[in-house]
Amino acid sequence: MYKTIRCGELRAGDVGREVTLAGWVDRWRDHGGVIFLDVRDRWGVVQATANPAIAPAAHETAAKLRNEFVVQIRGVVRKRPAGMENPNLATGEVEVEGREVTILNAALTPPFNINEDLPVDENVRLKYRYLDLRRERMQRNLVLRHKITKFMRDYLDARGFIEVETPILFKTTPEGARDYLVPSRVHPGCFYALPQSPQQLKQLLMVAGVERYFQIARCFRDEDQRGDRQPEFTQLDLEMSFVHRDDVLDLIEGLFTELIPAVAPAKQILKTPFPRLTWHEAMNRYGIDKPDLRFGMELCDAGAVFAKSEFKVFQDVLKGGGVIKCIIAPGCAAYSRKEVDDLTAFAQEQGGKGLATVAYTGEGVKGNVSKFVSADEAAALRKLSGAKDGDLVLLVADKLATANTVLGALRNLFRDRLNLADKEVLSLVWVLDFPMFHWNEEEKRWEAEHHAFTMPKEADLPKMDSDPAAVLSDAYDLVINGIELGSGSIRIHSSDVQHKVFQRIGLSEAEIKGRFGHLLEAFEYGAPPHGGMAPGIDRLAMVLADEPNIREVIAFPKNQQALDVMADAPSPADPRQLKELHIRLADDAK
Ligand code: ASP
């Protein structure tokens, strides 16, 4: 070994020991003769000295060092002189008096400082990711991620689960995104699809009698990039046989209830057992299927207050079967016209037509619809919503779904603007009983809300043809601070029901057989009832590490244009390779 001790682990108890350190030069300074070096390895930083009066050769070499040089130092651990201790450093009571300094490798001046956490352009960080990862914050994130997956493995192993690897080169396993395709050289014109999740494979493992499966699994989805999306990402993929919904929920809830304090002790889980809301409740109360319960601001239905409204817009919406719903923006009664206009523009971006406001100023009712609001209505609205003096009530009159979406988004906007949610608190909540299908207006067809392998509620099976919108499913989501942490469901295990669902989402017989024939066939050979889930590991690590996006917790992520700017991927292929793959490029791709 190049080292006998880790830099970050030296303590006062080591004084007098002869040690050899190896690591990177974190800082370097010449204090009139004696050279002071901070040497860093993965475990931390320790100060070393090179004194010409004690070890002239070591001093001579140390004079050649620069930041990020790789260095080995043999020396003796000394207590730092009184007054020179550094209480901010775990090794701050000691230093290593260097006897021998060896340069293991030189380093160019890095494009950004490794020894401090200053803002750096993200593409520069990603281009030099190996340097970015050398920084303390990123090292911390890598370690946290390791702890998370290790905890998961141990927890599941102790409960009879086994980890099984499933193929990356497979066939379409749809989760609602585009597939990544890989051309086959040996089968011209044929393609593998990268799995959007191991969904079908884990279900086949249940048919195979595995009963309790998990995998720290990579998923590939070709979709537009956002803060919490990447072309490839990692899930804790899990499946169990002979279980009902609550068996899966209890297992996952137990896992997170134990995992969070173990890996992120500063975080507090808001409530255990985790609250359970049906999808309908979540939509009605929070306007969103991933509610953040760290703060109130629930939506209320103000339809009854305005049943006899003189305001034409309200009348028309109510007559047309729409709703008038509202939330309170606490302390925002004095918002300017411009501030309200900005909120209205935001509401319109969410698909709303506009935003009505009623402000309880303490000196009467103001707001952009106040002239249409009678004193009785204002009093009734106040009673219903619980608005106090100084509050601004935001009203949306629209179709139920639109009103919910707009107010749900406004609620989250105010969370951030007014700092309503404590970041050390984790709101974990289950959302249950999702609709089985939603209507894709563009393609004019029903689509599976979760995925096509989800079991519709038994009682709703007869409605599959007559009223698909009313069919609920045995799907569930776990939500953390308003972010979808993972989805799962009880699965279909009968060939007939599976076939019916494929038909319902518009697949032809040929497509069903071509894409999913193997699964339908497998279900004919004794498929047990089963269900599972797949919590996202990137998202969990992001929340626990207080990072703003998942790129910060992935070692080598793509940037927001889905590019790897370090290795330059994707990049054009060699014409010879394309020929072998039987691929000719279209003009616009050349
Ligand atoms: N395949 C997952 C499941 O277990 C869901 C997902 O990947 O989002 O249902």
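The values are calculated or read from the model by the stated rules, or taken from the named source; none is laboratory data. Computed from a predicted structure; not experimentally measured. Using ideal geometry, Cβ is built from the backbone for each residue, glycine included, and neighbour counts are taken over all protein chains shown. We work out accessible area using only protein heavy atoms, side chains counted, and drop any ligands, DNA or RNA first. Shrake-Rupley method; radii C 1.70, N 1.55, O 1.52, S 1.80 Å.
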Place a point 7 Å from the Cα of Ile269 in the direction of its beta carbon; the residues of region 427-442 whose amide N falls under 14 Å from it are 427-430
With the 1.4 Å probe rolled over protein heavy atoms, region 7-81 has an accessible area per residue in Å² of 44
Please state the charge dipole magnitude for the chain, taken about the Cα centre, from unit charges on C-beta atoms (+1 on K and R, -1 on D and E), reported in debye and rounded to the nearest 20. 1060
Over all alpha-carbon pairs of region 416-462, lay out the pair-distance distribution in 5 Å bins, whole %, shortest bin first. 5, 15, 16, 16, 10, 9, 12, 12, 5, 0
Once the Cβ-Cβ distance between Asn419 and Ala379 is put in as r, and R0 is 51 Å, what FRET efficiency do you end up with, to the nearest 0.05? 0.95
Would you work out the charge dipole size for region 245-361 about its Cα centre, treating the Cβ of every Lys and Arg as +1 and the Cβ of every Asp and Glu as -1, and quote it to the nearest 20 debye? 400
By the gyration tensor of its Cα atoms, with a ≥ b ≥ c the square roots of the eigenvalues, what is the shape of the chain: rounded for a/c under 1.5, prolate for a/b over b/c, or oblate? oblate
So, relative contact order of region 229-301 in percent, Cα under 8 Å, 6 or more apart, is 16
Modelling each spin label as a point 7 Å along the Cα-to-Cβ direction, I'd like the Gln225/Val186 distance in nm, to one decimal. 3.4
Using helices alone, I'd like the mean residue ellipticity at 222 nm for the chain: each DSSP H run of four-plus residues gives -39500 (n - 2.57), total over residue count, nearest 500. -8500 deg cm²/dmol
Lys/Arg +1, Asp/Glu -1 at C-beta; the chain dipole; positive extreme among Ala158, Val479, Ile73: Ile73
Positive end of the charge dipole of region 348-496 (Lys, Arg +1 and Asp, Glu -1 on Cβ, about the Cα centre): tell me which of Ala387, Trp439, Val406 has its Cα farthest that way. Ala387
Can you give me the relative contact order of region 24-115 as a percent, contacts being Cα pairs under 8 Å and 6 or more apart? 31
Set Lys558/Lys579; Lys399/Lys463; Lys325/Lys383; Lys290/Lys353; Lys267/Lys423, cut-off 20 Å on Cα-Cα distance; pairs above it are Lys558/Lys579; Lys399/Lys463; Lys290/Lys353
Compute the distance in nm between two label points, each set 7 Å from the Cα along the Cα-to-Cβ direction, one at Glu100 and one at Ala510. 7.6
Mean projected area, convex hull of alpha-carbon positions in region 163-263, reported to one decimal in nm², is 8.6
Between Ala589 and Ile54, what is the label-point separation in nm under the 7 Å Cα-to-beta-carbon projection? 6.5
Residue among Cys332, Ala356, Gly320 farthest towards the positive dipole end of region 305-367, charges placed on Cβ: Gly320
Mean separation of Cα contacts under 8 Å (6+ apart) over length of the chain, as relative contact order %: 13
